[in-house]
Amino acid sequence: MQFSGGKRKKLRLTGDQRTVSYPHSLQFYLEPPSESISLIEFESLAIDRVKLLKTVENLGVSYVKGTEPYRSKLENEIRKLKFSFRENLEDEYEPRRKDHISHFILRLAYCQSEDLRRWFIQQEMDLLRFRFSILPKDKIQNFLKDSHLHFEAIPFADALDLFRGRKVYLEGGFAYVPLRDIVAIVLNEFRAKLSKALALTARSLPAVQSDERLQPLLNHLSHSYTGQDYSTQKNAGKISLDQIDSLSTKSFPPCMRQLHKALRDNHHLRHGGRMQYGLFLKGIGLTLEQALQFWKQEFIRGKMDPDKFDKGYSYNIRHSFGKEGKRTDYTPFSCLKIILTNPPSQGDYHGCPFRHSDPELLKQKLQSYKISPGGIHQILDLVKGSHYQVACQKYFEMIHNVDDCGFSLSHPNQFFFESQRILSGNKDIRKESIQPETPQPKPSVQKAKDASSALACLNSSLEMDMEGLEDYFSE
Amino acid sequence: METFDPAELPELLKLYYRRLFPYAQYYRWLNYGGVIKNYFQHREFSFTLKDDIYIRYQSFNNQSDLEKEMQKMNPYKIDIGAVYSHRPNQHNTVKLGAFQAQEKELVFDIDMTDYDDVRRCCSSADICSKCWTLMTMAIRIIDRALKEDFGFKHRLWVYSGRRGIHCWVCDESVRKLSSAVRSGIVEYLSLVKGGQDVKKKVHLSEKIHPFVSKSINIIKKYFEEYALVDQDILENKESWDKILALVPETIHEKLQQNFQKCHSSLQRWEYLKQGINCQDNTKNDKCGPWLEWEIMLQYCFPRLDINVSKGINHLLKSPFSVHPKTGRISVPIDLQKVDQFDPFTVPTISSICHELDAISINDEGREGNEAESDIKHRTRDYKKTSLAPYIKVFEQFLEKLDKSRKGELLKKSDLQKDF
């Protein structure tokens, strides 16, 4: 893709669409697109693909990959966003082109850090795996042939994991791989290639970023859409320490509410709790000075020596704000991170209550939070099905007394932000020029509380985030 | 044949290394055409000397250097190791961590003691003609797989001198294989799993891989004579109880009754097959011969020692080395005549030295420069002993290697030619 450098130029709007051919409904994205496109299209393609990848991520958490609900929901989303799907669509050119170009745009946005790269590769792989799984057999052969991947015969030394367990047929030193195993090999190849490509892209990024039209766009893409990481201190200083107690019951997600209570009760938290809660507080706007004061006050109540606090704990707090050591500004933990890593043990209060609490204890806790028995029942059902984040959304809906939370929960700070929005009367107004693709959630309608409505929420929340992008779009 | 007396080894070895050991062919092998610089010079050998003195990291400049050293040290045993990054005899001068094993042939060691749980005639270091068939089957099964499945062309099978066989796979690409791939190959070739505490050691999946079915077909050719006649595995209650331990209890009683009625293992095997191929024993509710095959495999399928094969730096007894306990020479096995190979007819060092003496007496008339005649003698000496046919097998193996190498070089030079 060529970007003419230099100052703000009017972009050529001519597209040379028909010279590129897309013989298959899926692709390995080996060749970058070579046409010119408008900034408008650049932006909308990118956003659509981010939406798609976010859906892939959320569905992967809520459902077992490959099962019916997963497949049909993902299919819906792909169709809705008009990406290439199966080969029986009448005009496959546009969706495939969209798929191709949007992938390469996102490479620019997601190559910049290890975390971003990992996320991008994971979702792209899951997407590819899904597309592979719906491809009819004969189409697979054609696709592989055209991709110059040889699966008739692999030298045995390259297929170690397949031949050692006699899972493939060996002859003359070559392994002959059955079709189903090919997917695994293909995906591995894809991952390796994409990983390398992203590393290369990162290296040439400075050239791209020097293009003033693109740089803010790309930055915004990666920050806004991997579900914000809430690391930018936009709200710094907007919270005062004496608000925290009341905020904890009104706007904190259960995980942080529980941590806050444990801290107040015990005047202490262990490391895991300090990390999870401390970073959350930073995300909602506590400054370093406030944080130091907050923790010190509480720990001293626990009869800790102030000097000991200064020597031991204050360093860690400053470290997490990026003021010590390697000066990384640590980002608040996302839901997935809390759910999947560092489970709590005896004496810990961190983790995700929906994931890590015994159902009985969870029930009691929800009762103490005055959640209705019906709501508790629904929540426990969701927990049983491992839909922890959806359960938390349900909690949100119950304590804010809304039918539909209006977002797809992926981050504790998002919970806080959304809660504050509702409580402050939804002051952020949406710009008229952006028409939402889905209708506004109607409070009076009882909707099924499952992932499909979460998806609808996802779209509308991303619509909200597009606000900021408007500023960068000024040609 | 002269009986072998270990006490005579020092003298016998002296003669062997001076007059009989095939240095030229040996060097021709390990030098691999001299295509890679220092390949021979970086090869590790280890010697076991008299009184069990063991020295590693021996290496030699060329054939004549090898000869001189062997004649000087008179090793009881010679092992071959890997080709290293530096001359092994200088490894102490190399910077720590820089001295690395780089290449080696892929080797297999099949030892009769690993079959003690399934052979009734012998145990431990003993072998006899009744159990030697296990080695014959092993060679057939493993060699077929190495050749047909993996495409390996240069495979040298050697009698170890006492109770087992070795295989040296010498293809150029194979010598470069990593430890992980070597392990994978052994895994591919393994079916018998479990030690003393495991009764049933073979478990087949419903879908039979071609390697397994081809191996079973080989075993079928030998099973009746080997297992039912020679080993007589269903001879009496004590022996057939071991096999009943591998089949479901529900059919034990019936089988015991039927066995009592029979007079031979052959007959009992028929009843056994009837009993297990259906009824109470099925693989995933399907009738079939899996259990029958599993028993055959447990009694006949080769058992490999993975540790010998996976390590690139592993040292293995050299072909044409002498076995200090039996006196037998580690000789190549002619694959064309595997079924006829008899370990008890393999020449011992005493027998061939004796043969040599007999020849020398006849040649007494010859005079001339001693060194010259020594060499002349040697080139004809082994030919007149029982060692000759085995060296011929070795030479055929070397011919094939040479041909293959020439073919590769031609291909490479063709590709490099400018047109």
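The values are calculated or read from the model by the stated rules, or taken from the named source; none is laboratory data. Owing to the predicted nature of the structure, the values given are computational and were not obtained by experimental measurement. Here the Cβ positions follow ideal geometry from the backbone for every residue, glycine too, while neighbour counts run over all protein chains shown.
So the values come out like this:
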| item | result |
| --- | --- |
| Among the candidates B:36, B:55, B:80, B:110, residue that is free of Cβ contacts under 8 Å to residues at least 40 places away in the same chain, part of a strand (DSSP E or B) and either in contact with a Ser or Thr (Cβ under 7 Å, 6 or more places away or on another chain) or of a type outside the set (Gly, Ala, Ser) (or both) | B:55 |
| Residue match in region B:110-117 (condition: closer than 18 Å to residue B:315 by Cα and not aliphatic (A, V, I, L, M)) | yes |
| Those residues of region B:150-203 which are away from every other protein chain (no Cβ under 14 Å) and at positive phi, in sequence order | B:161, B:194 |
| Hey, residue B:97 assigned by the TED database to the domain that holds residue B:13, at pLDDT below 95 and either in a strand (DSSP E or B) or under 29 Å from residue B:305 (Cβ atoms) (or both) or not | yes |
| Residue check, residue B:118 outside any helix (DSSP H, G or I), among the aliphatic types (A, V, I, L, M), more than 14 Å from every other protein chain (Cβ to nearest Cβ) and under 19 Å from residue B:202 (Cα atoms) | yes |
| Qualifying residue in region B:316-328 (condition: in the same structural domain as residue B:12 (by the TED database), touching a helix residue (DSSP H, G or I) at 6+ places or on another chain (Cβ under 6 Å), surrounded by 17 or more Cβ atoms within 10 Å (Cβ to Cβ) and at pLDDT 95 or above) | yes |
| Which numbered condition residue A:203 fails, given (1) in contact with a helix residue (DSSP H, G or I) (Cβ under 8 Å, 6 or more places away or on another chain); (2) free of Cβ contacts under 8 Å to residues at least 12 places away in the same chain | (1) |
| Helices (runs of 4 or more DSSP H) lying entirely in region A:301-375 (those with 1 or more residues that are aliphatic (A, V, I, L, M) and either closer than 15 Å to residue A:253 by Cα or touching a residue at least 24 places away in the same chain (Cβ under 8 Å) (or both)) | A:314-320, A:335-340, A:359-368 |
| Residue match in region A:234-250 (condition: within 22 Å of the chain's Cα centre (by Cα), at pLDDT below 90 and not in a helix (DSSP H, G or I)) | yes |
| Within region B:178-190, tally of residues that are assigned to a loop (DSSP other than H, G, I, E, B) and crowded, with 22+ Cβ neighbours inside 10 Å | 1 |
| Residue in region A:356-372 that is assigned by the TED database to the domain that holds residue A:262 and modelled with pLDDT under 85 present | no |
| Options A:296, A:308, A:323; residue that is more than 28 Å from residue A:389 (Cβ to Cβ), modelled with pLDDT of 85 or more and over 25 Å from the mean Cα position of the chain (by Cα) | A:296 |
| Out of A:107, A:96, A:117, sole residue that is modelled with pLDDT of 85 or more, crowded, with 19+ Cβ neighbours inside 10 Å and out of contact with any helix residue (DSSP H, G or I) (no Cβ under 9 Å at 6 or more places or on another chain) | A:96 |
| Flag for residue A:290 being more than 19 Å from residue A:409 (Cα to Cα), among the polar types (S, T, N, Q) and either assigned to a helix (DSSP H, G or I) or not assigned by the TED database to the domain that holds residue A:320 (or both) | yes |
| Residues satisfying the stated conditions in region B:204-229, i.e. β-branched (Val, Ile, Thr) and either more than 13 Å from chain A (Cβ to nearest Cβ) or in contact with a Leu (Cβ under 6 Å, 6 or more places away or on another chain) (or both) | B:216, B:218, B:219, B:229 |
| Candidate set from region A:154-166 (those that are surrounded by 16 or more Cβ atoms within 10 Å (Cβ to Cβ) and within 13 Å of residue A:182 (Cα to Cα)); member that is farthest from the other protein chains (Cβ to nearest Cβ) | A:154 |
| Positions within region A:331-376 being over 18 Å from residue A:280 (Cα atoms) and under 19 Å from the mean Cα position of the chain (by Cα), in sequence order | A:355 |
| Unmet requirement for residue B:90, which otherwise passes all of (1) under 25 Å from residue B:342 (Cβ atoms); (2) surrounded by fewer than 21 Cβ atoms within 10 Å (Cβ to Cβ) | (1) |
| Failed item, numbered, when residue B:146 is tested on (1) buried (at least 18 other Cβ atoms within 10 Å of the Cβ); (2) away from every other protein chain (no Cβ under 14 Å); (3) not in a strand (DSSP E or B) | (2) |
| Odd one out for residue A:387 among (1) over 21 Å from residue A:248 (Cβ atoms); (2) surrounded by 17 or more Cβ atoms within 10 Å (Cβ to Cβ); (3) at pLDDT 90 or above | (3) |
| Those residues of region B:1-33 which are at pLDDT 95 or above and outside any helix (DSSP H, G or I), in sequence order | B:21, B:22 |
| Criterion violated by residue B:138 - all others in (1) within 16 Å of the chain's Cα centre (by Cα); (2) within 14 Å of chain A (Cβ to nearest Cβ); (3) not charged (D, E, K, R) satisfied | (2) |
| Some residue of region B:209-224 being buried (at least 18 other Cβ atoms within 10 Å of the Cβ), under 30 Å from residue B:84 (Cα atoms) and in contact (Cβ under 8 Å) with a residue 40 or more places away in the chain | no |
